[in-house]
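The values are calculated or read from the model by the stated rules, or taken from the named source; none is laboratory data. Just so it is clear, the structure is predicted and the values come from calculations on it, not from any experiment. We place every Cβ from the backbone using ideal geometry, glycine too, and count neighbours over all the protein chains shown.
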């Protein structure tokens with residue numbers, strides 16, 4: 001998750017373009033994080049010190065860590081710790097940007113420090129983001145204060161994100177939740193839950209992205225938003241909400257799940273409090289909706 005969040009931050013600040021962000025995210029699995037990036041992230045070395053060691057490597061046939069120890073910048077314990085962290089996925093995007101010459105060590109160090117400050121995340125939440133701890137990150141980013149049991153709905157959304165990662169795509173970027181009253185959509189799959197709590201949730205997006213969502217969940221090709229795609233989206237909602245209701249039933253809360261419904265080219269009007277949480281996957285932009293009561297739909 002960190003790569004998506006940090007990459008989006010760099011894009012919004014104008015350090016990289018959307019095309020560059022997509023390119024380096026696609027390269028993540030083939031990138032090995034190098035000691036210089038790890039040392040900056042750990043606070044063991046400055047960008048200038050990393051550049052100095054790299055310059056010396058062009059003159060001395062020694063490894064990065066050996067030169068850093070010779071210069072007195074690192075000791076053996078710190079080097080061993082860094083060597084054990086080369087699988088840190090949260091740094092892959094930074095290494096890819098540096099390898100491709102899009103960013104320098106100096107720019108990376110500065111942007112990483114700025115992002116820590118600008119993200120609004122606590123130290124605990126920021127470390128959770130780097131460790132890909134979905135629950136902590138979701139609870140830090142998503143606030144639904146006007147829903148009756150805000151924590152319950154945030155827990156619901158945390159499970160939704162975990163199921164996206166599990167079944168659809170692990171490249172996910174979340175935006176802040178916003179209260180809404182009337183929203184238009186291209187394609188929407190939604191489902192209502194009744195009982196002690198009565199609420200609805202849904203996912204909306206443009207047709208090509210929703211079709212790809214359906215294809216990935218079904219693990220088979222679909223032809224646009226055909227019947228197979230609609231059934232796949234409905235099954236995703238059934239699976240996700242079934243897992244959530246199973247969790248609640250263990251806490252002696254029994255709810256009823258209504259059949260999922262698919263809507264196209266319409267608008268959604270909340271009759272109670274409703275929130276929209278925009279999120280992006282590697283193949284498109286989506287909106288997640290959650291609200292109390294039952295929504296009212298009109299066709300565009």
> Hey, any hits in the range 176-185 for a residue that's within 23 Å of residue 229 (Cα to Cα), touching a residue at least 60 places away in the same chain (Cβ under 8 Å), surrounded by 17 or more Cβ atoms within 10 Å (Cβ to Cβ) and in contact with a helix residue (DSSP H, G or I) (Cβ under 7 Å, 6 or more places away or on another chain)?
Replying inline: no
>> Can you tell me which condition residue 200 does not meet? The list is (1) at pLDDT 90 or above; (2) in contact with a strand residue (DSSP E or B) (Cβ under 9 Å, 6 or more places away or on another chain); (3) not in a strand (DSSP E or B), and all the others hold.
In response: (3)
> So which strands (runs of 3 or more DSSP E) are wholly in the range 239-300 and hold at least 3 residues that are in contact (Cβ under 8 Å) with a residue 40 or more places away in the chain?
Replying inline: 255-257, 261-281, 284-292
> Are there any pairs, at least 6 apart or on different chains, whose C-beta atoms fall under 9 Å, with the first in the range 64-79 and in contact (Cβ under 8 Å) with a residue 40 or more places away in the chain and the second in a loop (DSSP other than H, G, I, E, B) and surrounded by fewer than 16 Cβ atoms within 10 Å (Cβ to Cβ), and if so, which?
Replying inline: none
> What number of residues within the range 115-143 satisfy the criterion of being touching a residue at least 40 places away in the same chain (Cβ under 8 Å) and either in contact with a strand residue (DSSP E or B) (Cβ under 9 Å, 6 or more places away or on another chain) or more than 22 Å from residue 156 (Cβ to Cβ) (or both)?
Replying inline: 7
>> Out of everything in the range 141-158 that is surrounded by 19 or more Cβ atoms within 10 Å (Cβ to Cβ) and not in a loop (DSSP other than H, G, I, E, B), what residue ends up being modelled with the lowest pLDDT?
In response: 141
> So which residues in the range 134-151 are touching a helix residue (DSSP H, G or I) at 6+ places or on another chain (Cβ under 8 Å) and either farther than 16 Å from residue 276 by Cβ or not assigned by TED's automatic domain parsing to the domain that holds residue 199 (or both), if there are any at all?
Replying inline: 134, 135, 136, 137, 139, 140
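Out of 233, 248, I need the residue that is over 19 Å from residue 167 (Cα atoms) and in contact with a strand residue (DSSP E or B) (Cβ under 8 Å, 6 or more places away or on another chain). Which one?
Values: 233 fails: over 19 Å from residue 167 (Cα atoms).
Selected residue: 248, the only one of 233, 248 that is over 19 Å from residue 167 (Cα atoms) and in contact with a strand residue (DSSP E or B) (Cβ under 8 Å, 6 or more places away or on another chain).
Give the range 172-197 a look and list any residue that's under 20 Å from the mean Cα position of the chain (by Cα) and part of a strand (DSSP E or B), or say none.
Filtering the range 172-197 for residues under 20 Å from the mean Cα position of the chain (by Cα) gives 172-178.
The answer is 173, 174, 178.
For the range 186-204, enumerate the residues that are surrounded by fewer than 17 Cβ atoms within 10 Å (Cβ to Cβ) and out of contact with any helix residue (DSSP H, G or I) (no Cβ under 8 Å at 6 or more places or on another chain).
Applying the first criterion (surrounded by fewer than 17 Cβ atoms within 10 Å (Cβ to Cβ)) to the range 186-204 yields 194-198.
Result: 194, 195, 196, 198.
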> What number goes with the only condition from (1) touching a strand residue (DSSP E or B) at 6+ places or on another chain (Cβ under 9 Å); (2) in a loop (DSSP other than H, G, I, E, B) that residue 223 does not pass?
Replying inline: (1)
